[in-house]
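Student: Have a look at the structure that comes next, please.
The values are calculated or read from the model by the stated rules, or taken from the named source; none is laboratory data. The structure presented is a predicted model; accordingly, all values stated were derived computationally and were not measured. Quick reminder, even Gly has a Cβ in these numbers, built from the backbone with ideal geometry, and neighbours come from all protein chains shown.
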Ligand code: SF4
Ligand code: SF4
């Protein structure tokens, strides 16, 4: 039965007690890697497939132990500050093991399907009351073989499965994954091709095709299309209308959700040493503003807007 | 759905109550002293009965014109009552400091101090419970004080659920008649017992009548017509209750309140709990609703009036005790919902009205508890979560699936177990027939581990307080260390039991309680006071303090010293002896490189469960002074702070004299970083027989977790799983702004705190300062 015995996946977080993104109490598994590069990405640590060393500076007691064990001499203490040359080494095991504060860690872990299922079913008692697992990322279907094997394994355990995907993958991947999914969240961020390329790095043809495919499949009622509202970019009535038109033209009963802007993402960018798209962090939208956006979707015929009350 | 409001009357009464200053009262103490002086030759139980009767006849009483429920044990509300039979020496020592002590302050009148010192203290010197225990067994109690805190040394026991149903059925006249019928037969002791019951019931009737008279008098002077009507109405009820059992809902509630006032006047003790009030008041409610004499709003007003009353009795503790039980917890615990006697789901309109009253008033009393089980109806569960969301930390939740069977295994009948209620905070009891002595002692397991690691010597003082079985360096294997630990636990259990027996014996000698006994089965039948074992069930509860720290400490030693050998025995011992000064790296490793209880890691959770089991098993071999069994609980009110003061640096990385984990089953603050589901999983590893005396799991959440109906639903599901996992208790602390400000200052303690914004969860303490501020700004839960 263990066809995927050697299959390993890279996971950057397993979060229990997820109360959004699906019914009941869930465990969300964040798979590493994403082909896209949204400038506002909420999980910048999940983009690269490569494992990175993470250093949690606020936990460090500057004892210097890691500097003495690191064979590559990639870690040094200079004037009380720890300097890590992340490019200088691949194997940080000894440094990580030496740290009394556990503040050196890899940003992701590699698991087999079995290991991950075992880890997740610890909350099976919670899943029984309408909960389950959600695959997120990165783009969870980027590690396609692993993701599909994982979903299959969860279905074999009788666990409800959900996914959050950008759908920027080959259609046969989507097709295979659908077999084992109970709930599918698809991000549709930007309708305009050029803007999509500008902000996300690629055009959206593939995404549109896949959305069409899913909304024409027998799982179409288990799909929720979502647009994260990013100020000055996706949060634009024209964009919302265009998306709304597109999806209702495929399936008039489609479910659609607008996600409020999340100002918390910015803080993560310090950890991964990248630039966030906003120097000045915008605020979240008020309920009134949200309703205006929702109205734009309703105006083009969206009947089922998901609104959390 | 109809909207039920908090009426003007209730708002006004609440306002008046909150404005009252808190004073110490010696009025009853003077009456008691005089009665004792005049009746020197009589048996104690008769003296006690006469003293109560005289208090019922003579204490000043007062009413508010708006009150629907009247009665109090002092003329002012929220007065701290001096009770010389149980303890007067401590008051003698602390009287002047009561207004300025750090915890639970009271105002004091100059002349009271003088009278107390002149009249009361001299008479009760060497006669009070406190002094007698001190003389008989004080040295031994002191010797083990750092490990075991023996309770009930200077006050009556309390912690009991009276038989409210019986009281409502018979009233004082009926109970008096029951005693009269028994008077002729029996031994001298039995006859004294019955005589004393008759005396206190006579006092009770007179007390009720005095309220009638006062109300009639005041109504005559009242200018407001509505108030006049109200006072006359309540007067009629008081008069009726002297001779007859109640008929209407209003009468029944008034009758219950009289019961609790008088219980407090007799014992001056904490935690007389009404129990399943939605059960025993329901017949009255149903009848009145049917006849149309009340509607829901009227019923709610009456309920809210007694809810206010529950806040008018506070309890004066000595300054040491006040640290352990801070904030005057008086323990009017009311249990709603749960299974009925056949195991079916039970709740009714009263259950919902009680929740509504809690939501409206948001006061610390009563301590509202919801019993859950697999079949709990969704509306009750959801409504309870909505009330929790209001932020008062109530109601708390108990789990029939965990509790009923373990009570039965412990020897409670199926019928009584299904009908269980809670006394005080979380102590489990059958109703109306159980002197559970649930707060007999607290046993500090962490101190015993400290002594085991350090030749029986206290790390704080260097004094030898336990047997010298060696120190960490002597134990070649972890098993050797465990052997020594086991021996030390047994040594202190032996000493604790002897002390508990002395305390119980002193209660028999000094504090027989005929009024209480009249409402506890089978005291009247046996002609035996509760203190001598008149109740059907006679347990004693010992709290294990604190398994979370113990598990973390043992896991750190086992893993880092014996298995991975990251730390040498010598280094660890030195680090502990020096309170980690100069050993910061060791402390960091203990904190960060060993698994912690509360994260669903079997390695550590099992160590905790194992030692709790060991302790509980040892204890089960002893019998208490009333012939009943000992059992264990895992809860503290605020005792984790003073108990922590007694413990030196510990191997879980905790500094000397700092608090232990709060709650009892809860993980150490901030160490549960795998989320709430992992906490429940860890806690569920503790066998239910470890907490037949009560367990407490405290979880903290931000108010935004409860903001949407969606999340209320998730919480309901979380609680359903809590039921499935058979955890006995859970309560939710909804954090306020102040808590978040504290978290900014002291992130270590709040590491487990998560926040959510627009579909994204993060650890609060790991957020950047500006974002923390933003979240704090959003967390605007003002005072209720
Ligand atoms: S070993 Fe850990 S705590 Fe010490 S300096 Fe290195 S990163 Fe900091
Ligand atoms: S698709 Fe999602 S994970 Fe990928 S870059 Fe965009 S926001 Fe980030």
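Student: Among B:535, B:551, B:486, which is the only one that is at pLDDT 95 or above and within 13 Å of residue B:651 (Cα to Cα)?
Tutor: B:551
Student: Also, quick follow-up: Could you list, in sequence order, all residues of segment A:148-180 that are in a loop (DSSP other than H, G, I, E, B) and crowded, with 22+ Cβ neighbours inside 10 Å?
Tutor: A:159, A:166, A:167
Student: Quick one: would you say residue A:254 is more than 23 Å from residue A:41 (Cα to Cα), touching a helix residue (DSSP H, G or I) at 6+ places or on another chain (Cβ under 6 Å) and at pLDDT below 95?
Tutor: Here the answer is no, as residue A:254 does not meet what is asked.
Student: I'd like to check something: does segment B:687-699 contain any residue that is in contact with a helix residue (DSSP H, G or I) (Cβ under 6 Å, 6 or more places away or on another chain), crowded, with 23+ Cβ neighbours inside 10 Å, part of a helix (DSSP H, G or I) and within 9 Å of chain A (Cβ to nearest Cβ)?
Tutor: For segment B:687-699, residues in contact with a helix residue (DSSP H, G or I) (Cβ under 6 Å, 6 or more places away or on another chain), crowded, with 23+ Cβ neighbours inside 10 Å, part of a helix (DSSP H, G or I) and within 9 Å of chain A (Cβ to nearest Cβ): absent.
Student: I would also like to ask the following. Being within 14 Å of chain B (Cβ to nearest Cβ), crowded, with 19+ Cβ neighbours inside 10 Å and more than 17 Å from residue A:20 (Cα to Cα): is that true of residue A:240 here?
Tutor: Criteria not met by residue A:240.
Student: Please note which helices (runs of 4 or more DSSP H) are completely contained in segment B:376-472 and include at least 2 residues that are touching a residue at least 12 places away in the same chain (Cβ under 8 Å), under 19 Å from residue B:630 (Cβ atoms) and touching a strand residue (DSSP E or B) at 6+ places or on another chain (Cβ under 8 Å).
Tutor: B:400-409
Student: Of all residues in segment B:24-58, which are outside any helix (DSSP H, G or I) and crowded, with 20+ Cβ neighbours inside 10 Å?
Tutor: B:24, B:25, B:26
Student: State all residues of segment B:702-721 that are facing chain A (nearest Cβ under 9 Å), in contact (Cβ under 8 Å) with a residue 12 or more places away in the chain and not in a helix (DSSP H, G or I); if no residue qualifies, say none.
Tutor: Passing the criteria: none in range.
Student: Wholly within segment B:567-642, which helices (runs of 4 or more DSSP H) include no fewer than the required count, namely at least 1 residues that are surrounded by fewer than 22 Cβ atoms within 10 Å (Cβ to Cβ), away from ligand 1 (no atom under 16 Å from the Cβ) and within 14 Å of chain A (Cβ to nearest Cβ)?
Tutor: Correct list: B:569-577, B:602-619.
Student: Let me ask something else about it. Taking segment B:742-771 as the search range and keeping residues that are more than 29 Å from residue B:426 (Cβ to Cβ) and modelled with pLDDT of 75 or more, which one is nearest to the other protein chains (Cβ to nearest Cβ)?
Tutor: B:747
Student: Here's a follow-up. Any idea which of (1) away from chain B (no Cβ under 14 Å); (2) within 13 Å of ligand 1 (Cβ to nearest atom); (3) surrounded by fewer than 21 Cβ atoms within 10 Å (Cβ to Cβ); (4) closer than 29 Å to residue B:674 by Cβ is the one residue A:33 doesn't satisfy?
Tutor: Among (1) away from chain B (no Cβ under 14 Å); (2) within 13 Å of ligand 1 (Cβ to nearest atom); (3) surrounded by fewer than 21 Cβ atoms within 10 Å (Cβ to Cβ); (4) closer than 29 Å to residue B:674 by Cβ, residue A:33 violates only (2).
Residue by residue, here is whether (1) modelled with pLDDT of 95 or more; (2) touching a strand residue (DSSP E or B) at 6+ places or on another chain (Cβ under 9 Å); (3) outside any helix (DSSP H, G or I) holds:
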site	(1), (2), (3)
B:238	yes, no, no
B:241	yes, no, no
B:245	yes, no, yes
B:269	no, yes, yes
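Student: So which of A:112, A:27 ends up being surrounded by 18 or more Cβ atoms within 10 Å (Cβ to Cβ), more than 16 Å from ligand 2 (Cβ to nearest atom), farther than 30 Å from residue A:235 by Cα and modelled with pLDDT of 95 or more?
Tutor: Selected residue: A:112, the only one of A:112, A:27 that is surrounded by 18 or more Cβ atoms within 10 Å (Cβ to Cβ), more than 16 Å from ligand 2 (Cβ to nearest atom), farther than 30 Å from residue A:235 by Cα and modelled with pLDDT of 95 or more.
Student: Restricting attention to segment B:687-713, report how many residues are under 24 Å from the mean Cα position of the chain (by Cα) and more than 24 Å from residue B:750 (Cα to Cα).
Tutor: Selection size over segment B:687-713: 8.
Student: Do the conditions hold for residue A:15, that is, is it within 9 Å of chain B (Cβ to nearest Cβ) and either within 16 Å of ligand 2 (Cβ to nearest atom) or part of a loop (DSSP other than H, G, I, E, B) (or both)?
Tutor: yes
Student: Determine which single condition residue A:200 fails, assuming it passes every other condition in (1) buried (at least 21 other Cβ atoms within 10 Å of the Cβ); (2) without any contact (Cβ under 8 Å) to a residue 60 or more places away in the chain.
Tutor: (2) is the only condition that residue A:200 fails.
Student: Also, I was wondering about something else. Which members of segment A:42-91 meet the condition of being within 16 Å of ligand 2 (Cβ to nearest atom) and within 12 Å of chain B (Cβ to nearest Cβ)?
Tutor: The answer is A:42, A:43.
Student: When the residues of segment A:59-77 are filtered to those that are touching a residue at least 24 places away in the same chain (Cβ under 8 Å) and more than 7 Å from ligand 1 (Cβ to nearest atom), which remaining residue is nearest to the chain's Cα centre (by Cα)?
Tutor: For segment A:59-77, the residue satisfying everything is A:59.
Student: Which residues, counting only those in segment A:246-277, are surrounded by 14 or more Cβ atoms within 10 Å (Cβ to Cβ), more than 26 Å from residue A:223 (Cα to Cα) and more than 13 Å from every other protein chain (Cβ to nearest Cβ)?
Tutor: A:272, A:277, listed by residue number.
Student: From A:117, A:113, A:121, grab the single residue that is within 14 Å of another protein chain (Cβ to nearest Cβ) and under 30 Å from the mean Cα position of the chain (by Cα).
Tutor: Residue meeting the stated conditions: A:121.
Student: Considering only residues that are in a loop (DSSP other than H, G, I, E, B), within 11 Å of ligand 1 (Cβ to nearest atom) and surrounded by 15 or more Cβ atoms within 10 Å (Cβ to Cβ), which ones fall in segment A:45-58?
Tutor: none
Student: Would you say residue A:240 is assigned to a helix (DSSP H, G or I), under 24 Å from the mean Cα position of the chain (by Cα) and touching a residue at least 24 places away in the same chain (Cβ under 8 Å)?
Tutor: In short, yes.
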